[in-house]
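A.B. asks: Below is a structure I'd like to ask you about.
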Amino acid sequence: MRYTIEIWGEMCPIPLIKTQKKLKNMQIGDVLVLETEHSCTSRGIVVWAQQNKYEIVETEIANGIWHLELTKTHD
Amino acid sequence: MIHNNLSSQRKHSLGFVVFLGLLLILIAQLDFSLSITLGLGLAIGFTLQKSRFCFVSAFRDPILTGMTELSRAVIILLALSIIGFALVEWWFRAQQIFFKPYVFPLGVHTLVGGSLFGIGMVIAGGCVTGVLMRIGEGFAMQMVAFIGLLLGAFTGKQTQYIWKNFFGEWNSVFLPDFLGWFPTLALELALLFFLWKMLKWWQVRQLNK
């Protein structure tokens, strides 16, 4: 399953907290798609995901807009 | 499906670089040091944006999310600046150039102001550099934060003498005058290293929870 949460215009750490909450209700193998225009938010989520050993792919799709795909690999 | 729009923006970026280059040359005709200042400012802004450095995150994340990556980056930044400034000071003394370090007296109002700024920056989602950088990136909310920043900075500056007289100030302390240059350097770096270790331990602890 692919999920998205609306985080446009929100500053860190709100997106990260929303991500943490959403991830709890997801099954292993599910993907969470996030898009943000807040540079620090994107970086924060990537670092957090790497530290927690989740799979994450970050692409800067336009100047100042980041697309994140987070895969829940474990509980 | 991800649409990559970076390449379509390339011509705008190129145009902007040409514009900035011409502007720098124009200013250099008037005053060379001004164009160097502008060039350095642009370089710092570019580095800030690309590194996505965030002071707010460094102070907030250890408590809120348990991540200390950026806090440790700030510590490395401080350590590098301490060594850099020590070298600058040493070189200036060797060259017999008068050099007055930025040492300011401390008062209760300094602590109150610092706490106010700390609360404000977490709510606004950016410190001064962060707000400026994200306005440039197109994060519109930060423009509101910028107005607040200007208002706060100007009222703070204009009313500074009131607080100074009201709270009083302690004399400024310049550690090298008491301890000498090398012990101060060693002490500061040791303290920073200790903080770095603490933050590392804190992150491991938070992640395993």
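A.B. asks: Looking at (1) facing chain B (nearest Cβ under 7 Å); (2) open to solvent by 60 Å² or more (accessible area, probe 1.4 Å), find the lone condition where A:ILE14 falls short.
C.D. replies: All conditions pass for A:ILE14, except number (1).
A.B. asks: Shifting gears a bit: Restricting to the range B:165-209, what's the tally of residues that are more than 14 Å from every other protein chain (Cβ to nearest Cβ) and open to solvent by less than 80 Å² (accessible area, probe 1.4 Å)?
C.D. replies: Counting residues in the range B:165-209 that are more than 14 Å from every other protein chain (Cβ to nearest Cβ) and open to solvent by less than 80 Å² (accessible area, probe 1.4 Å) gives 16.
A.B. asks: Still on this structure, please answer the following. Kindly indicate whether any position in the range B:39-49 is hydroxyl-bearing (Ser, Thr, Tyr), part of a helix (DSSP H, G or I), open to solvent by 40 Å² or more (accessible area, probe 1.4 Å) and not assigned by TED's automatic domain parsing to the domain that holds B:GLN158.
C.D. replies: yes
A.B. asks: Also: Can you tell me which of B:LEU34, B:LEU24 is over 14 Å from the mean Cα position of the chain (by Cα), assigned to a helix (DSSP H, G or I) and surrounded by 13 or more Cβ atoms within 10 Å (Cβ to Cβ)?
C.D. replies: Answer to the selection: B:LEU24.
A.B. asks: Here's another thing I want to ask about it. Would you check if B:LEU187 is aliphatic (A, V, I, L, M) and either within 30 Å of B:MET67 (Cα to Cα) or in contact (Cβ under 8 Å) with a residue 12 or more places away in the chain (or both)?
C.D. replies: yes
A.B. asks: Same structure, new question: Residues being touching a helix residue (DSSP H, G or I) at 6+ places or on another chain (Cβ under 6 Å) and either closer than 17 Å to A:GLY64 by Cβ or open to solvent by less than 20 Å² (accessible area, probe 1.4 Å) (or both): count how many of those fall in the range B:50-70.
C.D. replies: 10
A.B. asks: Still on this structure, I have one more. Restricting attention to the range A:17-75, and to residues there that are more than 19 Å from B:LEU70 (Cα to Cα) and in a helix (DSSP H, G or I), which single residue is nearest to the chain's Cα centre (by Cα)?
C.D. replies: Checking each candidate, the answer is A:THR19.
A.B. asks: Which count do you get for residues in the range B:143-164 that are modelled with pLDDT under 85 and open to solvent by less than 60 Å² (accessible area, probe 1.4 Å)?
C.D. replies: 0
A.B. asks: Another question, if that's okay. A:VAL46 - would you say it is modelled with pLDDT of 85 or more and farther than 21 Å from B:PHE59 by Cα?
C.D. replies: Answer is no for this residue.
A.B. asks: A further question on this structure: Looking at (1) within 10 Å of chain A (Cβ to nearest Cβ); (2) over 30 Å from B:ALA186 (Cβ atoms); (3) not hydrophobic (A, V, I, L, M, F, W, C), which is the only condition B:ASP61 fails?
C.D. replies: (2)
The values are calculated or read from the model by the stated rules, or taken from the named source; none is laboratory data. Quick caveat, the model's predicted, so the values are computed rather than measured. Because the Cβ atoms are built from the backbone with ideal geometry, glycine has one as well, and the counts that use them run over all protein chains shown. Ligands, DNA and RNA are excluded from the accessible area calculation, which covers all protein heavy atoms including side chains. Shrake-Rupley method; radii C 1.70, N 1.55, O 1.52, S 1.80 Å.
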